[in-house]
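Heads up, the thing below is written out as structure tokens.
The values are calculated or read from the model by the stated rules, or taken from the named source; none is laboratory data. Model, not experiment: these values are computed from the prediction. Counting neighbours? That spans all protein chains shown, and the Cβs are built from the backbone with ideal geometry, glycine included.
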Ligand SMILES: [Zn+2]
């Protein structure tokens, strides 16, 4: 679910800016009466209040006005971008833009440095965000979308965008059929020991390979069910859809959580999912995802998790 980063929603006023970025052009507004440059996009000039604003293309030449380095993601979806260099950049026209710096090591970032725009691809639909980098960097290389590596073996269906207000399309997601398998994760004794320490559940069946070899019905140690459940976060599911047009997404818990089969230490696991139900509720739209984790090659799931996700 890491590809659900919230995207800016163009408005009637800001649409030319976003359309410009798609064409790798930076467009900002200028006042016809007093020549004042305007950013963010507005309906009137903040200096003289006329509505006579014209979109003009500018070079994107800019100077770093201020920045900070964030190490904790504001949303889990941004964990893959940490640390992020959040910046206020001043275009040569004098307007300031909140943005990210890319392709720069923290040690290279200095207030006052010259910057060039990066028209960063952010999805397969051609949407781009405006970012900046140093003049000595290759902005063309930095603009390319880094696609998530796909697991070998399964054919991955293209991702369909589904708007949260599209009832028919949402209901059409409900299926008895599971998605292709996710990437694989190895559950070794080290991981199990770490979880035992963290959770306080250090029962011998998880943590004592010698005793488990003799006494466990499984012939060795097994992973905690809760560990296998939590490892679902490490698996990239191939759901084939992406829901758009929501402001917030909350993990609402599970309707049903079962551990039908053990995961012996050293096993490789993977997961697949299907949409079981989509319902409108008072607070938003509730999607129930049946997410099953299996030991690779095993028919029987080790974890069945009916995860409830609330979109608002
Ligand atoms: Zn003006």
Any residue at all in region 292-309 that's in contact with a helix residue (DSSP H, G or I) (Cβ under 8 Å, 6 or more places away or on another chain), in contact (Cβ under 8 Å) with a residue 60 or more places away in the chain, crowded, with 20+ Cβ neighbours inside 10 Å and in a loop (DSSP other than H, G, I, E, B)? yes
Return yes when residue 56 is surrounded by fewer than 12 Cβ atoms within 10 Å (Cβ to Cβ) and either modelled with pLDDT of 95 or more or on the phi < 0 side of the Ramachandran plot (or both) and no when it is not. no
Restricting to region 206-257, name every residue that is in a loop (DSSP other than H, G, I, E, B) and within 28 Å of residue 172 (Cα to Cα). 235, 236, 237, 238, 239, 240, 245, 246, 247, 248
How many residues, within region 61-73, are modelled with pLDDT under 85 and either in contact with a helix residue (DSSP H, G or I) (Cβ under 9 Å, 6 or more places away or on another chain) or under 14 Å from residue 110 (Cβ atoms) (or both)? 1
On the basis of being modelled with pLDDT of 95 or more, on the phi > 0 side of the Ramachandran plot and loosely packed, with under 14 Cβ neighbours inside 10 Å, does residue 153 make the cut? no
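Yes/no matrix, rows are residues, columns are (1) over 30 Å from residue 161 (Cβ atoms); (2) at pLDDT below 95; (3) touching a helix residue (DSSP H, G or I) at 6+ places or on another chain (Cβ under 9 Å):
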position: 218; (1), (2), (3): yes, yes, yes
position: 232; (1), (2), (3): no, yes, no
position: 249; (1), (2), (3): no, yes, yes
position: 255; (1), (2), (3): no, yes, no
Residue 261 fails exactly one of the following numbered conditions: (1) touching a strand residue (DSSP E or B) at 6+ places or on another chain (Cβ under 9 Å); (2) farther than 21 Å from residue 78 by Cβ; (3) loosely packed, with under 15 Cβ neighbours inside 10 Å. What is the number of that condition? (3)
Of the conditions (1) touching a residue at least 12 places away in the same chain (Cβ under 8 Å); (2) farther than 14 Å from residue 178 by Cβ; (3) outside any loop (DSSP other than H, G, I, E, B), residue 279 satisfies every one except a single condition; which number is it? (1)
Pairs where the first residue, in region 117-130, is over 15 Å from residue 242 (Cβ atoms) and the second is at pLDDT below 85 and not in a strand (DSSP E or B), C-beta under 7 Å, 6+ apart: 121/144; 121/145; 128/122; 129/122
Does residue 177 satisfy the condition of being touching a strand residue (DSSP E or B) at 6+ places or on another chain (Cβ under 7 Å) and modelled with pLDDT of 90 or more? yes
Go through (1) outside any helix (DSSP H, G or I); (2) farther than 30 Å from residue 232 by Cα one by one and return the number of the condition residue 16 breaks. (1)
Residue 255 being more than 19 Å from residue 276 (Cα to Cα) and surrounded by 12 or more Cβ atoms within 10 Å (Cβ to Cβ): no
Residue 115 fails exactly one of the following numbered conditions: (1) more than 16 Å from the ligand (Cβ to nearest atom); (2) over 23 Å from residue 143 (Cβ atoms); (3) in a strand (DSSP E or B). What is the number of that condition? (2)
Is it true that residue 231 is under 14 Å from residue 272 (Cα atoms) and in contact (Cβ under 8 Å) with a residue 60 or more places away in the chain? yes
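Evaluate region 74-86: report whether one residue or more is loosely packed, with under 15 Cβ neighbours inside 10 Å, touching a helix residue (DSSP H, G or I) at 6+ places or on another chain (Cβ under 9 Å) and closer than 30 Å to residue 274 by Cβ.
Looking through region 74-86, at least one residue is loosely packed, with under 15 Cβ neighbours inside 10 Å, touching a helix residue (DSSP H, G or I) at 6+ places or on another chain (Cβ under 9 Å) and closer than 30 Å to residue 274 by Cβ.
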